[in-house]
Amino acid sequence: MQAMQILINALVLGSLYACIAIGFSLVWGVLNVINLIHGSFIVLGAYLAFGLYQSLHLSPWYAIFVAAPLFFALGYVIQRLILNRVITAPVLVTLTLTFGLDLILNNAMIYFFTADYRKLTLSPPLGSVSIAGAVVPVDRLIATATALLLTGLLYLLLRRSRIGRAIVAVRLDRDAAVLMGVHVPSIYAVAFGLGAALAGCAGVLMALIFPISPLTSSAYLGKAFVVCVLGGLGSVSGALAGGLLLALVESVGSTYLGPSHATTLSFLLLIIFLILRPQGLVGRKGFE
Amino acid sequence: MSASWVARCLRLSVPLGALALAAGAFAGPAAAEDVIKIGAPLPITGPLAPEAVKQQQGYDLWAEQANKAGGINVGGKKYKVEIVYTDYQSNTPRAVQATEQLITQNNVNFLFAAFGSGAAKAASTVSEKYKVPTLAATASSVQVYDQGYKYLFGTFTPNDTLTTPLTKIIKAQVPDVKKVAILARNDLFPLAIAQEMEKSAKDNGFEVVYFEKYAIGTLDHSAALSAIKALSPQWIFVTGYTNDLLQIRKQMVDQQMKAPVVSMIAGPAYQEFIDALGKSAENVTSAAWWHPAEQYDGKDIFGSTANFVKLFKEKYKSEPDYGQASAALCGALFQLAIEKAGSIDRDKVRDALASLDVTTFFGPVKFGANGQINSLDPPVFQIQGGKPVVLFPQAIKQGELKVGVE
Amino acid sequence: MTRSNIALLILIACVAALPLFGGAYALRLGTIACMYAVLALSWNVVGGFAGYPSFATAAFFGFGAYFAGVLMGKGWPLAAAVVAAAIAALIAATLLGAVLLRLRGHYFAIASLSLAEVLREVVNNATDLTGGGMGLNIPLASGSGVMAEATFYFYAMWGVMLLTAIMVIVVAQTKLGFALNCIRQNETASSMVGLNTTLAKSIGFGLSACFVAAAGGIYAAWVHYIDPSDVFDILYSVKPIVMALMGGLGSPLGVACGAFLYLGLEEVVWRNYIQIHTGVLGVLIVLLLLFLPHGLTSLRFDRLRRRAKHA
Amino acid sequence: MPELLRLTGVSRRFSGLQALRDVNLSVAPGEVLGLIGPNGAGKTTLVNTICGVTPANSGTILFDGTDITRTKPYQAARRGLSRTFQIVQPFAEFSALDNVAAAALFSQPGESLKSAREAAREHLAFVGLDAQADQPAATLTLAMRKRLELAKALAMQPKLLFLDEVNAGLNSAEVERATELIHQLARSGITIVMIEHLMKVVLNVCTRIVVLHNGHPIADGAPREVISNPAVVEAYLGQQYAQRTARHG
């Protein structure tokens, strides 16, 4: 009974984690950039959903359609104007640059929205349902479904569309892609835009579930990190696998060892994975 | 070549040194004679930023009132008040630095302590060194006052004064309660209060079936809550700050957790907690150091509690909570002490604070030997109909305890 | 000894004169500046010489602070506790390095970052020893007066900075520094010419941890009260990197200048823009990386040489 | 004659791909062994396996009487196994001198930075790079970098030297110069195993040839014998030989 509840909790939470991480993973895999603004993008998405619901009473389901293009544009522009200038620089430079950008965005959000915690409460509330003897909140369920849907869409985009295949080509072998006539800077910009759009959509979904404040961005970022490493970089299925594994470890650890050990456990797992299986659960071996 | 190069390096280091010195020499203008400056290091940015806003509202309200009345009367001469804010980024080392900066660079006369127990404690070593009287508006843990400092005073009673009356009320009015589950944020104040709760629960014959800490910044509590649910305790006691408690309460609802009694400290006293949760906040019990329903007739600048609430509402269009009230109280207490000492000499004001025994809008104020206030009965309250309703103390009781949180 | 290293020692000697000019607050800033210089110079051994993007500085700092703090709580004198913390960090980091430094690039960055997270949670949960989330009190040495204490801690931190600078200079001029340089440029080729890369990297990692831990220990004694989220703050990892980038990677003089310049800027920005200082700092970082990618050193004569090389 | 190097049943797999299959090989002191075979035959993998970069999955490798099957690359290097890379691997920011000094410094116990630099000068002079000693390696031409590789390998005072396509990408004048260098090395008593596509060079320099095909030696013997071995020629060598000699001949 309780085991079932833990399992279901972990499944739902794992999908949310995957949703948080997938844009981060895409950017990391394709651009080889650890995008530290990712967490703030998610929060910004959550504010967008909150603002639209408060002012226009626009439900978060529709807010996704607003968020996706907006964030895509934002990401595209940031990549084109700023990040692209240092894209070939060493890890440290790109990492520190996104750190600086994150400071700016986060401070701007605190300045304009204040750091107060807000909550998007749907009226009427969605409540919970029972599945196989376990209680599952409907909002999480819907968020999970949407997260899976978004993940699926991304997968299709990468597999089926021309631009998607170009992105995958750049990820696997940048030089070969150049020879094949792919214009790498625009692929980078599109991939970064997609990463931002996914973060924005994730933010909209998170608004339903977690309190909203600029201060939560680092928590999202931390999860994205762990999920990416556990699952394997840049692959859609990797983010899902990593999210589920992380959620499972956290849930089980927190139930049997106490919640304060859940974080320790997840980071220990991260280090172990880095050392023993740096390609992650799903990833291929052989790239750094 | 070599010599000229060294010279070049030296030239480079000169502007650097100059910059550092300039940074150090930014001393504010020397304190004008008719102004009393009080330094307030606040976590204006970083995770504690929402709390800083509350503190600032309280301080500003007091300063505005004091200046409106012409200033503080020091032996017949009126002094205006000025509050000097600095941001310590929710970072304790910064708080220490900010405190020293306020003392040595901004030449403040007195200090409001940094927010919360941890930072107040760390920064108090500095104010103690400089012998600057410091009032802590938000430091309740006795550990803050266990260092034998003479210049630190706090307006929050020890944590057990919150948990003990709460436990007593529950024991008297809800005989079904046998098992208690405690979930605490692993942080100085929330953890300290959870430990007090555990103690007072055991003293009153309850069985503590669950006591766990969660890490700062935990996003998801569903695993811990499922574990608690499986134990079916009658009383669930959770500590943390507003965001933690919002999350936990929401996730309790998600998991359809019900219990006769759910207590949370320190979120429910804040209006934003009730606003954000709506119906799910109903019947959550809590305790705080002050409540707007209190009815004291004080000798301080605000006078009665009702007057304070009125002034606060006029300025900020919202109900004051204990954080804002305590901040305003700290200002009012400095004013009382300075007027009593008839001087702005730090030692005299310190002695005046130590010997203070006065009723304020916040309640009776008298500091114990360690500097912590020991004269207050913090109210226990419950959210009923979207409002906090006082259950204790008897004198200001507004309603009866309602059992059952869904 | 190279000219730039002589200049570094001159700079450090100049800093020592601070107590002649400044009051207690200037000394506090000076102590913090020395502390960050220790962090940045130490980071430079792994990050600048060996080219490994280490984010482990916070882990070592917190480790040192708690190790020394706990010992002082048990009655050890400051000096002994700090030395013990430094040695413990040296050993622990050397051993850890052998494992972690097998990773490269982003993977190493994340592993080193996680190190601080793991240590913080371990400290958080070892309540009996460390006080956990309640923090750790470090007993006051004695009430020796404001200026005396400020001067004492300033010179303690300055001393660690001097030792760190000497260590970095010595490393740079010996086989180890040469080895780390080789590793940065081409690790495969390094091992093919007979260099035990794992050993060299581990020693480098250990040395970079050792003085950071000492700084952490002094810091703990200085502030009397530490808690896990303060001393394992990720900013202790990030700031030294920004400082090193600001000053110019690899050059000890540049890194030390970068540390002082960064703190100077931070202090000015912090004072003048209470609400938006982190944003202003972010703008500075972004501008720095976009327009001065090699830090202060790109303002120096060797800019032309670099240009020539990149051409 | 005692053997310097002896491989017994060495195999190496890369996730599904059998790169080396049951390789038995011995090298005598003073030999100049040519290792030939088409692309992908496993020549470079064989060198990597001997040097410890990609350790063997099975089999044993004896070098100078000791088992080095499991040694790490740096240990192999210190024992006197040195190599050049097919794709040159200089320390790009270092001067040519420091590149060679690094090799001398780390392969010889007790060498100091100063003595290593002194030794490095001699080796640079030997390969004819003394004029470029202070130039950063990144600025050298390909031919110079190849010679730099050689100087590095020599600075390690090898007992056994692997030359991995030292002539690839060089023009014929440069090839001639490199061949002369190899002759000098061989005369100085260093045992050499060279991977080489240029049959002219192989026939000119080598005392023995081993042909590797799909990770397995298929022929071993005196150069003239091996290339006239009908199996080798018919299988693939003839075609290669024809092409190469036509291009460079």
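Just flag the GluC sites (Glu not before Pro) in the range B:192-239 sitting in loop per DSSP whose Cβ has no more than 13 other Cβ atoms within 10 Å. Don't skip to the end; give the middle numbers.
Values: sites: B:Glu196, B:Glu198, B:Glu207, B:Glu212; in loops: none.
Within the range B:192-239, no GluC sites (Glu not before Pro) qualify (loop, at most 13 other Cβ atoms within 10 Å).
Can you work out the PRE-style zone for C:Ile274? Point 7 Å along Cα to Cβ, and I want the residues of the range B:44-73 with backbone N under 11 Å. Inside the label zone: B:44-45, B:53, B:56-57, B:60. The mean number of Cβ atoms from other chains found within 10 Å of a Cβ in peptide A:98-111 is 6, as a whole number.
Evaluating 6.51 cos²θ - 1.76 cosθ + 1.60 at θ = phi - 60° for every residue in the range C:2-19, the Karplus couplings come out as 6, 4, 5, 6, 4, 4, 4, 5, 4, 4, 5, 4, 4, 4, 4, 7, 3, x Hz, glycine and proline recorded as x. Checking the Cα-Cα distances for B:Lys150/B:Lys199; B:Lys131/B:Lys340; B:Lys54/B:Lys199; B:Lys78/B:Lys340; B:Lys179/B:Lys199 against a 21 Å cut-off, the pairs over it are B:Lys150/B:Lys199; B:Lys54/B:Lys199. Remark on D:Leu5: its backbone amide H falls under 5 Å from those of D:Val27, D:Asp64, a criterion applied only to residues 5 or more positions apart or on other chains, H modelled at 1.01 Å from N.
With Cα atoms as the point set, the range A:18-135 shows a radius of gyration and Dmax of 17.2, 54 Å. Note on B:Lys366: aspartates and glutamates with a C-alpha under 16 Å away, same-chain residues under 8 apart excluded, are B:Asp297, B:Asp300, B:Asp351, B:Asp357, B:Asp377. For the range B:236-269, the list of trypsin sites (Lys or Arg not before Pro) that fall in a loop by DSSP and count at most 15 other C-beta atoms within 10 angstrom reads B:Lys258. Once the C-beta distance of A:Asp175 and A:Leu70 is scaled by a Förster radius of 51 Å, the resulting FRET efficiency is 0.90 to the nearest 0.05. Mean sequence separation of contacting Cα pairs (under 8 Å, at least six apart), scaled by the length of chain A, corresponds to a relative contact order of 37 percent.
Within straight-line reach of B:Lys250, meaning a Cα separation under 19 Å, sit the following lysines at least 8 residues removed in sequence or on another chain: A:Lys119, B:Lys213, B:Lys229, B:Lys258, B:Lys279, B:Lys387.
In the calculated pair distance distribution of the range D:87-157, what percentage of Cα-Cα distances lie above 16 Å? Mind dumping the intermediate values first?
Numbers: 847 of 2485 pairs.
Looking at the range D:87-157, the distances longer than 16 Å represent 34 percent of pairs.
With both labels modelled 7 Å from their Cα along Cα-to-Cβ, the B:Val174 to C:Thr188 distance reads 6.7 nm. Neighbouring Cβ atoms from other chains, within 10 Å of the Cβ of residues in A:33-45, number 1 on average. Inter-chain Cβ neighbour count for D:65-78, averaged per residue, equals 3 (cutoff 10 Å, partner chain atoms only).
Hydrophobic long helices, here whole DSSP H runs in chain B with Kyte-Doolittle means of at least -0.5 and Cα atoms spread over 30 Å or more along the helix axis, are found at B:2-24.
When you filter the trypsin sites (Lys or Arg not before Pro) in the range B:190-238 for DSSP loop state and at most 10 other Cβ atoms inside 10 Å of their Cβ, nothing is left. In percent, rounded to a whole number, the relative contact order of the range A:87-175 is 10, using alpha-carbon pairs under 8 Å and six or more apart. A simple rule links phi to the HN-Hα coupling: the Karplus curve 6.51 cos²θ - 1.76 cosθ + 1.60 with θ = phi - 60°, which for the range C:177-186 gives x, 4, 5, 4, 4, 4, 4, 4, 6, 6 Hz, with x for Gly and Pro.
Tell me the relative contact order for the range C:3-233 as a rounded percent, counting alpha carbon contacts under 8 Å between residues six or more apart.
Numbers: 337 pairs, mean separation 96.4, N = 231.
This gives 42 percent for the range C:3-233.
In order along the range B:293-301, phi translates into HN-Hα couplings of 7, 5, 10, 9, 10, x, 9, 7, 5 Hz, rounded to whole numbers, per the Karplus curve 6.51 cos²θ - 1.76 cosθ + 1.60 with θ = phi - 60° and x for Gly and Pro. In this simple spin-label model, placing a label point 7 Å from the Cα along the Cα-to-Cβ direction at both B:Lys313 and D:Gln184 gives a separation of 9.9 nm. Residues considered: B:Gln394, B:Gln55, B:Gln384. Largest GNM mean-square fluctuation over chain B, using C-alpha springs under 10 Å, is found at B:Gln394. For B:Asp351 and B:Gln256, what does the FRET efficiency come to when R0 = 51 Å and r is the distance between their Cβ atoms, rounded to the nearest 0.05? After rounding, the FRET efficiency stands at 0.35. Around the amide H of A:Val33, modelled in the peptide plane, lie the amide H atoms of A:Trp28, all under 5 Å away and 5 or more residues distant in sequence or on another chain. Amide H to amide H, with H built 1.01 Å from N, D:His216 comes under 5 Å of D:Arg21, counting only residues 5 or more places away or on other chains.
Put a dot 7 Å past the Cα of D:Thr139, heading toward its Cβ, do the same for B:Lys397, and the two dots end up 9.1 nm apart. Distance from the alpha carbon centroid of the range B:154-229 to that of the range B:324-368 works out to 33 angstrom.
For the protein assembly as shown, the normalised intensity computed at q = 0.06, 0.08, 0.09 Å⁻¹ comes to -0.58, -0.96, -1.16 (log10 of I(q)/I(0), Debye sum over alpha carbons, equal scatterers, no solvent). For C:Val83 and C:Leu199, a Förster radius of 30 Å and the Cβ-Cβ distance give a FRET efficiency of 0.80, rounded to the nearest 0.05. With coordinates expressed along the principal axes, the C-alpha atoms belonging to the range B:311-401 extend over 49, 31, 18 Å, beginning with the largest.
Regarding chain C, what whole-number volume in Å³ per residue does the convex hull of its Cα atoms give? Numbers along the way, then the final one.
Numbers: hull volume 43.9 nm³, N = 311.
Spread over its residues, the Cα hull of chain C gives 141 Å³ apiece.
Its DSSP H runs of at least 4 residues, each contributing -39,500 (n - 2.57), put the calculated 222 nm mean residue ellipticity of chain A at -25500 deg cm²/dmol, to the nearest 500.
My understanding is that a pair violates if its Cα-Cα distance is over 23 Å; which of B:Lys68/B:Lys317; B:Lys178/B:Lys397; B:Lys202/B:Lys397 do that in this structure? Could the numbers behind the result be given before it?
Working: B:Lys68/B:Lys317 20 Å; B:Lys178/B:Lys397 26 Å; B:Lys202/B:Lys397 26 Å.
Going by Cα-Cα distance, B:Lys178/B:Lys397; B:Lys202/B:Lys397 fall outside the 23 Å limit.
A viscosity of 1.306 mPa s and a temperature of 10 °C, combined with the Kirkwood radius over C-alpha pairs in the Stokes-Einstein formula, give the range A:19-215 a diffusion coefficient of 90 µm²/s. On C-alpha positions alone, give me the angle between the axis of helix D:238-248 and the longest principal axis of chain D, in degrees, nearest 10. Approximately 30 degrees, to the nearest 10.
Calculate how steeply helix D:113-127 sits against the longest principal axis of the alpha-carbon atoms of chain D, using the helix alpha-carbon long axis, and give the answer as 0 to 90 degrees to the nearest 10. Tilt relative to chain D: about 60 degrees.
Binning every alpha carbon pair distance of the range B:120-218 at 10 Å from zero, what are the percents per bin? Distribution as computed: 15, 37, 28, 16, 4, 0 percent.
All of the numbers you see were taken from the coordinates with simple rules; none came from a lab. Remember, predicted model here, so these are calculated numbers, not experimental data. A quick note on method: Cβ atoms are made from the backbone with ideal geometry, for glycine too, and the neighbour counts reach across all protein chains shown.
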